[in-house]
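Scroll down for the structure; my scribbles are underneath it.
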Amino acid sequence: MRTNLELYGTTDVPVIPKEVANERLELLKSNLSGLLCVHYMDQDNDLINAVQKAIKHWEQLRDGEELE
């Protein structure tokens, strides 16, 4: 992933409001919980990995961290 400097030409990029990120994180974590409740042989591992990646992404946005 590119840095803010590479993408925006500056490191002074506004932080995503915590309440927006937290709402998305709640939805993602709720969805992940449902996906993990299924028997492990029936789980959609690609979807589980995508949801986990999205959780990490929104946590980084919320916390103002550089994306990896």
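The table below lists the values:
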quantity: Test for Asn22: is it of a type in the set (S, T, N, Q), more than 28 Å from Thr3 (Cβ to Cβ) and part of a helix (DSSP H, G or I); calculated: no
quantity: Filtered residues of segment 39-68 (kept if at pLDDT 95 or above and not in a helix (DSSP H, G or I)); calculated: His39, Gln43, Asp44
quantity: Residues that are among the hydrophobic types (A, V, I, L, M, F, W, C), over 18 Å from Ala50 (Cβ atoms) and either surrounded by 13 or more Cβ atoms within 10 Å (Cβ to Cβ) or at pLDDT 95 or above (or both), drawn from segment 12-27; calculated: Val13, Ile16
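The values are calculated or read from the model by the stated rules, or taken from the named source; none is laboratory data. This one's a predicted model, so the numbers in the text were calculated from it and none came from an experiment. Positions of Cβ are generated from backbone atoms using ideal geometry, with glycine treated the same way; all protein chains shown enter the neighbour counts.
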